[in-house]
Structure formats: structure tokens, C-alpha cells
Amino acid sequence: MAMDTVSYQKSLKVAASYDVIVIGSGPAGICAAVSAARLGAKTALVERYGTLGGNLTNGAVSPILGSVAKGTLRDELVERLGVPDSDEIGATQQSHDIELAKRVLVEFAHEAGVKLYLQTPVVDTITQGDKVTGIVIGQKTGMCILQAKAFVDASGDGDVAYYAGAEYEMGRDGDSLVQPVTLMFRVQGVEEDALTCIGEVDYVEYKGERFLDYTTRHCKEGHLPPNAASVRSFRTLVPGERLINTTQANGISALLSDDIEKAEVDLRKQIDQVVEFLRKYVDGYQNCFVKSTANTLGVRETRRFMGLYQLHDEDLRHGRRFEDVVVHKASFIVDIHNPSGSAQAEGVPEEVTPYDIPLRCLIPKRVDGLVLSGRNISGTHRAHASYRVMSICMAIGEASGITAALAAQKGIEPRQVDYRDVQKVLLERGVNLFE
Ligand SMILES: Cc1cc2nc3c(=O)[nH]c(=O)nc-3n(C[C@H](O)[C@H](O)[C@H](O)COP(=O)(O)OP(=O)(O)OC[C@H]3O[C@@H](n4cnc5c(N)ncnc54)[C@H](O)[C@@H]3O)c2cc1C
């Protein structure tokens, strides 16, 4: 007879102990780990896949969008990735070299002395009261425990915070729907002067009408997958190549295995339809072919944890300053890919006034031993739609790494770390934190 639950008890070996453990190696996690290690913390970075980078590599997401004030690890990383930089947000519209990034990120971490755990999923936490003291990792030899004085959850979904029971929100107000998931892919064989289109905000004219109107009509006629009317095509460093951000699955929770399987299968099928559309209906794409696809579907939105402060829409609108600022002048539109249809959720996305992110957004309300990082920090659905881009996540990552390292060094909780001490480190590194 099938049973609903099975009781399971096991003693697990403590495999190693660190000052700081960062979970997840996306734009936030890689910067968090390097940042902590450069402060002298014995640091480990735990990643479920074999390649570092999160969306930056495995998700094949590009270009690196958004901006923050000068001097953060974001500037160093972008330079190492060889992306032509600009003060304009994503002005170059140029994709970084994803293969190069796989190597560069390992060098970035190794040079700082970060210990890497690759192909190592975190499956649970060990807590004492409300404090995270260890993570349970899955290895071929069985599960074991890694301990640290402070943890940084840069897993995107906030798995560690979730396992530790931290409070979170998901989705937009009203129906709790999240932004759709997308499987990115690259095509080659595109003529040099063929159109590029960075998104719905990019007014591209095609055959006498707006390209988005043209693709929307084709979507309605069934030439594109349902809800995939936004054909976003970015130039890369390779001539004749374009990165395509178009496949789309709505109503998916990337936290549920059944949803993940459905989306991975469906999105892969959508690629053929999108390529067929490009070949038939967009000049200069008639000979294009798929060069590569992302290793995993890209997830825009899942859990947003409740921190000591929740970043609000108005903070972005008015470019709010905070005394405990750790990311200064973050800037990107409120980019909400429609949770229940095609293109943008709100028509033309709202512009923001470059805003600050306070340290309190990185500190979970109740759970100790833990710093939030990247897209899972404390903010509303609309605020998240802006700070989720990679430049801003890198800067959040750097600040989260400093906070965890200081907590470990001083033997205190991340919530007890004085924001002035975090700011001091950032300023010493040459980060512009104030006007
Ligand atoms: C399709 C798509 C297109 C986008 N387009 C752009 C764009 O053009 N420009 C831009 O700047 N941003 C874009 N974004 C947003 C941006 O990519 C993400 O918001 C950003 O990468 C978030 O960074 P992160 O470090 O918080 O998380 P992620 O990049 O998601 O990294 C999280 C890491 O944690 C690891 N991980 C997760 N769970 C565990 C676990 N339990 N154990 C161990 N490891 C774990 C993951 O494998 C991953 O490496 C896009 C996002 C998507 C999905």
C-alpha cells in the first residue's frame, strides 16, 4: 500500500567548515563569493550545475542589462567578459561570449581563493532555533553537511532561506502569477544588416509597421507559439549570430517539478516554430539555423523573501536614498514580462529614477546566519522586475558577500552587522555609494 509520508532518519557527516558559504553562482553568487574571499573570509561557493554563472551561462541570458554606480565588482566582471561597456543601460545591446564566461568565472573565483563545489545541489538546511548553521548537499557518495559562520543565499529561488523557514511572497498582487519562463537560444547564418530588436521598449520598424505589431499579428495567426509575440533578437560578438529571447511559457512555477518538466519540453518544441517564423517572415533570417540552446530554462521570478525592509515601487519611482545604502543608483525599467499573455504586462514599462538598495533588503526578517542575495532579496513584484537584471544582481552580490564576511569575522549575526562597516569596505574598494 502506498504511503503518504515516509519517516527517514540519517546521520550525516560534516564534510567541511567555512567562514562563508555562498549558495548559487549566478551574477549575484559569483560576486558574493569573490567579495567575501577578498575580505579574507574562508569562502565556498556551492553550485548545482557543473558550470558557474547561473543565467549568465547556463541560462544563456544576455546582454548584461541595468546599471549601478561606478566601482562595483560588476565593472570588473564586465571588463573580464570583454563586453564593450557603456554608461547607457544595455546601450551596446551586445551579448557577452557565453563560452568565454564559463572559463572567466572560474578564474575569477579561483584567483580570490574561493573553494568551488560543482554539481552539488543544496537539498536542505540545518538550523538551531532560527539560525542556519549548515547546509545539506547532495553528492554521488551520499548527502553530507557543510557548515559556515554565515551563509549567502544566491540561489535565485532562495532555496536555503526557504528550507530555513524564512517568510516569502510570490507573484503579482491579486492573482500571484509570476513572470513567464523562457528557453534562450542562438541562431547563426543571419545576414549582417538583418534587424535586431532588444525588446518591447525598442521601437523597431519593419515593413512600414512596428515590429512588435508585425510579430503580434503572426502570433495570432499561429506562426509563433502562443504568448511568444515578442521576438527579441540580440547581436552577439560573432558575426551573423543572434541570441533569441522569445520562447515563453506562462503559468509555470519553477519551484514545482511537474511545471518544470512541462516547460522544458514545451519550450524546446517552441524553438523550431520560432526559427521557422524567422526564416519565412523576417528578411535576412532565411538561412538561419540553431547554433546552441540554453542548458536550462530561464527563470525570471519565484520567491521574494521578506526582509527588514521591502523595496517598494515608489522607492524606484522617486529614486529614494537610504542611510544604509549598499547598492547606489541602480537603474533599469520595471520590466514585467506578461504573466498572463504576450509582451509587457503594463504596456510601456515604467522608467525608474536611479534608486538605492538598503542593506535591510538583504537581511531576512527572522532567520539568522543568512544573507539574501540577487533576485530573491526583499522587494515587491514590481520592484523585483527592475533589480532582477544582471548588473544590479552583481552589485547586490558584492554587498551580500561583504556582510556575510563581516558577520563571520566579528562572530555576530548578519542583522547585527553595522551598515557603516559594509559601506566602509565598499568605499575602500572605490565604489561610489553617495552623490
Ligand atoms: C529568459 C530570461 C531573460 C533575461 N534577460 C535578461 C537580460 O537580457 N539582461 C539581464 O541583465 N538580465 C536578464 N534576465 C534576468 C537575470 O538573468 C536574472 O534575474 C539574474 O541572473 C538573477 O541573478 P541571480 O544570481 O540572483 O540568480 P541566477 O542567475 O538564477 O543564479 C542562481 C544560481 O543558483 C544555482 N542554484 C539554484 N538552486 C540551487 C540549489 N538548491 N543548490 C545549488 N545551487 C543552486 C543555480 O544553478 C544558478 O547557478 C533574464 C532572465 C531570464 C530568465
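The values are calculated or read from the model by the stated rules, or taken from the named source; none is laboratory data. As the structure is a computational prediction, the values presented were derived from the model and not from experiment. Glycine also receives a Cβ, built like all others from the backbone with ideal geometry; neighbour counts cover every protein chain displayed.
For segment 372-417, enumerate the residues that are more than 24 Å from H312 (Cβ to Cβ) and not small (G, A, S).
At the first step, the residues of segment 372-417 found to be more than 24 Å from H312 (Cβ to Cβ) are 401-402, 404-413, 416.
Scanning segment 372-417 gives I402, L406, Q409, K410, I412, E413, Q416.
Has segment 410-419 got any residue that is of a type in the set (G, A, S), in the same structural domain as L73 (by TED's automatic domain parsing) and under 29 Å from G251 (Cα atoms)? Spell out how you get there, then give the answer.
We begin by selecting, within segment 410-419, every residue of a type in the set (G, A, S); these are 411.
Now drop any that are not in the same structural domain as L73 (by TED's automatic domain parsing), which leaves 411.
Remaining after also requiring under 29 Å from G251 (Cα atoms): none.
Within segment 410-419 (the criterion being of a type in the set (G, A, S), in the same structural domain as L73 (by TED's automatic domain parsing) and under 29 Å from G251 (Cα atoms)), the answer is no, since none of the residues qualifies.
Among N245, N227, N250, which is the only one that is within 25 Å of the chain's Cα centre (by Cα), crowded, with 16+ Cβ neighbours inside 10 Å and closer than 19 Å to H96 by Cα?
Working: N227 fails: closer than 19 Å to H96 by Cα; N250 fails: closer than 19 Å to H96 by Cα.
From the options N245, N227, N250, the qualifying one is N245.
Within segment 353-360, is even one residue polar (S, T, N, Q) and either under 15 Å from the mean Cα position of the chain (by Cα) or under 23 Å from G298 (Cα atoms) (or both)?
No: segment 353-360 contains no residue that is polar (S, T, N, Q) and either under 15 Å from the mean Cα position of the chain (by Cα) or under 23 Å from G298 (Cα atoms) (or both).
If you scan segment 68-80, which residues turn out to be crowded, with 23+ Cβ neighbours inside 10 Å, under 16 Å from the mean Cα position of the chain (by Cα) and not basic (K, R)? So that I can check it myself, show each step before the final result.
First, the residues of segment 68-80 that are crowded, with 23+ Cβ neighbours inside 10 Å: 68, 72-74, 77.
Going one step further and asking which of them are under 16 Å from the mean Cα position of the chain (by Cα), we end up with 68, 73-74, 77.
Selection gives V68, L73, L77.
What tally of residues in segment 7-40 results from selecting those that are part of a helix (DSSP H, G or I) and either of a type outside the set (A, V, I, L, M) or within 16 Å of the ligand (Cβ to nearest atom) (or both)? So that I can check it myself, show each step before the final result.
Residues of segment 7-40 part of a helix (DSSP H, G or I): 27-38.
If we keep only those that are either of a type outside the set (A, V, I, L, M) or within 16 Å of the ligand (Cβ to nearest atom) (or both) too, we end up with 27-36, 38.
Adding up the residues that qualify gives 11.
If a residue has to be surrounded by fewer than 22 Cβ atoms within 10 Å (Cβ to Cβ), of a type in the set (A, V, I, L, M, F, W, C) and under 21 Å from the mean Cα position of the chain (by Cα) to count, how many in segment 298-326 make the cut?
Result for segment 298-326: 1.
Can you pull out the residues in segment 203-213 that are in contact (Cβ under 8 Å) with a residue 40 or more places away in the chain and closer than 19 Å to N338 by Cβ?
So in segment 203-213, the residues in contact (Cβ under 8 Å) with a residue 40 or more places away in the chain come out as 206, 212.
Across segment 203-213, the qualifying residue is only L212.
Residues S378, S400: which one is within 16 Å of the ligand (Cβ to nearest atom), in contact with a helix residue (DSSP H, G or I) (Cβ under 8 Å, 6 or more places away or on another chain) and under 28 Å from G251 (Cα atoms)? Write out each step before concluding.
Details: S400 fails: under 28 Å from G251 (Cα atoms).
Result: S378 is the single residue among S378, S400 that is within 16 Å of the ligand (Cβ to nearest atom), in contact with a helix residue (DSSP H, G or I) (Cβ under 8 Å, 6 or more places away or on another chain) and under 28 Å from G251 (Cα atoms).
Given the conditions (1) surrounded by fewer than 16 Cβ atoms within 10 Å (Cβ to Cβ); (2) within 22 Å of the chain's Cα centre (by Cα); (3) in the same structural domain as T196 (by TED's automatic domain parsing), and given that E276 satisfies all but one, which numbered condition is not satisfied?
Only one criterion in (1) surrounded by fewer than 16 Cβ atoms within 10 Å (Cβ to Cβ); (2) within 22 Å of the chain's Cα centre (by Cα); (3) in the same structural domain as T196 (by TED's automatic domain parsing) is unmet by E276, namely (2).
A quick yes/no check of all residues on (1) in the same structural domain as Y203 (by TED's automatic domain parsing); (2) surrounded by fewer than 21 Cβ atoms within 10 Å (Cβ to Cβ); (3) within 18 Å of A150 (Cβ to Cβ); (4) not aromatic (F, W, Y):
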| site | (1), (2), (3), (4) |
| --- | --- |
| V348 | no, yes, no, yes |
| V367 | no, no, yes, yes |
| G374 | no, no, yes, yes |
| R388 | no, no, no, yes |
| G397 | no, no, yes, yes |
| G401 | no, no, yes, yes |
| A404 | no, no, yes, yes |
| A407 | no, no, yes, yes |
| F434 | no, yes, no, no |
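If we keep just the residues of segment 41-62 that are near the ligand (Cβ under 6 Å from one of its atoms) and charged (D, E, K, R), which is surrounded by the fewest Cβ atoms within 10 Å (Cβ to Cβ)?
Looking at the filtered set, the residue picked out is R48.
Residues A60, A41, A69: which one is aliphatic (A, V, I, L, M), assigned by TED's automatic domain parsing to the domain that holds D97, touching a residue at least 24 places away in the same chain (Cβ under 8 Å) and at positive phi?
Values: A41 fails: at positive phi; A69 fails: at positive phi.
Result of the check over A60, A41, A69: A60.
Count, please, the residues in segment 207-217 that happen to be surrounded by 17 or more Cβ atoms within 10 Å (Cβ to Cβ) and in contact with a Phe, Trp or Tyr (Cβ under 9 Å, 6 or more places away or on another chain). Spell out how you get there, then give the answer.
Filtering segment 207-217 down to residues surrounded by 17 or more Cβ atoms within 10 Å (Cβ to Cβ) leaves 211-212, 214-216.
If we keep only those that are in contact with a Phe, Trp or Tyr (Cβ under 9 Å, 6 or more places away or on another chain) as well, we get 211-212, 214-215.
Qualifying residue count, segment 207-217: 4.
Are there strands (runs of 3 or more DSSP E) fully within segment 287-331 with at least 1 residues that are more than 30 Å from D368 (Cα to Cα) and charged (D, E, K, R)? List them.
Working: elements: 289-293, 303-305, 325-330.
Answer list for segment 287-331: 289-293.
So how many residues does segment 172-219 have that are farther than 24 Å from P239 by Cβ and in a strand (DSSP E or B)?
Number satisfying all stated conditions: 4.
Can you find a residue in segment 169-187 that is farther than 26 Å from I260 by Cβ and within 16 Å of the ligand (Cβ to nearest atom)? I'd like the intermediate steps shown before the answer.
Filtering segment 169-187 for residues farther than 26 Å from I260 by Cβ gives none.
No, segment 169-187 contains no residue that is farther than 26 Å from I260 by Cβ and within 16 Å of the ligand (Cβ to nearest atom).
Tally time: how many residues in segment 273-293 are within 16 Å of the ligand (Cβ to nearest atom) and more than 23 Å from L212 (Cβ to Cβ)? Outline the logic, then answer.
As a first pass, look at segment 273-293 and keep what is within 16 Å of the ligand (Cβ to nearest atom): 274, 292-293.
Filter again for more than 23 Å from L212 (Cβ to Cβ), leaving 292-293.
Residues flagged as within 16 Å of the ligand (Cβ to nearest atom) and more than 23 Å from L212 (Cβ to Cβ) within segment 273-293 amount to 2.
Among E346, E314, E323, which is the only one that is more than 16 Å from the ligand (Cβ to nearest atom) and modelled with pLDDT under 95? Let's see the steps before the verdict.
Values: E314 fails: modelled with pLDDT under 95; E323 fails: modelled with pLDDT under 95.
Answer to the check: E346.
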